[in-house]
1. Among the residues of segment 178-188, which ones are more than 18 Å from Trp265 (Cα to Cα) and either within 11 Å of the ligand (Cβ to nearest atom) or among the small types (Gly, Ala, Ser) (or both)?
2. Does segment 139-152 contain at least one residue that is aromatic (Phe, Trp, Tyr) and more than 16 Å from the ligand (Cβ to nearest atom)?
3. Can you name the residue in segment 105-156 that is of a type in the set (A, V, I, L, M, F, W, C) and loosely packed, with under 15 Cβ neighbours inside 10 Å and, of all such residues, is farthest from the chain's Cα centre (by Cα)?
4. Looking only at segment 213-228, filter to residues that are part of a loop (DSSP other than H, G, I, E, B) and near the ligand (Cβ under 8 Å from one of its atoms); which one of those is surrounded by the fewest Cβ atoms within 10 Å (Cβ to Cβ)?
5. If I filter segment 142-159 for residues that are farther than 22 Å from Val191 by Cα, in contact with a Phe, Trp or Tyr (Cβ under 7 Å, 6 or more places away or on another chain) and at pLDDT 95 or above, do I get at least one hit?
6. Please verify whether segment 244-259 includes one or more residues that are farther than 25 Å from Leu162 by Cβ and assigned by TED's automatic domain parsing to the domain that holds Leu22.
7. Can you tell which of Leu102, Leu113, Leu78, Leu158 is more than 16 Å from the ligand (Cβ to nearest atom) and in contact (Cβ under 8 Å) with a residue 24 or more places away in the chain?
Amino acid sequence: MTVVDATLVGPMYVTHDIYRLLLGPSWSRVDTARLERAADDRIVLVTGASSGIGEATAELLGAAGATVLLAARRADRLELVRDRITAVGGHAAAYPVDLADLDAVDRLVQDVLVDYGRVDVVVSNAGKSIRRSLADTTDRWHDVTRTNSVNYLGPVRLLTGLLPQMRARGTGQVINVSTLNVDLPAAHWAVYSASKTAFETWLRCIAPEIRVDGVATSSIHFPLVHTPMSAPTYGPWVPGLTAAQAAEVIGRVLVTRPRVLIPWWTRGAALLTTLAQGPYEAATAAVLRIARSR
Ligand SMILES: NC(=O)c1ccc[n+]([C@@H]2O[C@H](COP(=O)([O-])OP(=O)(O)OC[C@H]3O[C@@H](n4cnc5c(N)ncnc54)[C@H](OP(=O)(O)O)[C@@H]3O)[C@@H](O)[C@H]2O)c1
């Protein structure tokens, strides 16, 4: 195993690879041949392909033989990703879109179906993160609407448009790039967590309906991944995955199709905070009180 991206954590060196090992085998890289078998000749739409996890996923799946349709707002960045994929013999196309614009999402659905006839896999990855207290949100209602548009309404509209052709063909896969914030709601993350939870709940509700027609759904509740999104909140010394490692997890999920992937320790912590919700919130309030008094 190659140990890369060594990061200083307190007095000891912890690598992102060791962090991934601690998450368990479900978070490991899948064998390249298996990934190529799963990706080959597939039409995969990756939202948020201009940066971070989506960009790394697009490159991984493009190298594995998928035709990757790249969606995000920044056309110039999508074109760079497309060119990197095609430069090594892969197939990719850029579809600039703002997921908060539902008419634009409808046009995206039309365009990809006209251009390619089908979409086999949707990696619903584009997202907007926001860490803000309630007090700071009062004068920023647009943060609430925009975050919900990008993380919930846009992805629902996209899938509502793309799922019929998957169901009609009796095959397809949706991979939801979610967060452990949906299991562990935390102070200052209300708008982000609620929007991600809304999409997760929508997906849970429709999962059996589309499973009947051969369409699989997977949700990955990622812990910290070091990307432009997380950089303003978490420095590189905080244990987390790299974008490339997160992409490899998505590659594994493409192959193994688990319904949900959650870090083992998140399940325990979620159970604890649910069973002891009152004490958990009291402890959080105490921490916030101390922070405020400083
Ligand atoms: N980083 C983490 O620690 C972490 C942890 C758990 C889950 N996640 C999830 O992982 C996903 C990817 O995040 P990331 O960390 O890779 O962040 P990132 O590097 O900031 O990437 C976010 C992507 O979403 C796209 N996007 C944002 N707003 C959009 C819009 N209105 N329309 C279309 N695309 C839009 C961005 O492209 P444009 O700006 O070009 O539009 C970009 O490609 C998100 O859903 C996030 O919730 C991240």
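The values are calculated or read from the model by the stated rules, or taken from the named source; none is laboratory data. In this text the structure is predicted, and so the values were computed from the model without any measurement. Note that we place each Cβ from the backbone using ideal geometry, even for glycine, and neighbour counts take in every protein chain shown.
1. Ala187
2. Yes, segment 139-152 has at least one match.
3. Ala135
4. Pro228
5. no
6. Yes - at least one qualifying residue is present in segment 244-259.
7. Criteria check complete, one pass: Leu113.
For (1) in a helix (DSSP H, G or I); (2) modelled with pLDDT under 95, each residue gets a yes or a no:
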residue: Ser195; (1), (2): yes, no
residue: Phe199; (1), (2): yes, no
residue: Pro232; (1), (2): no, yes
residue: Ala246; (1), (2): yes, no
residue: Thr273; (1), (2): yes, yes
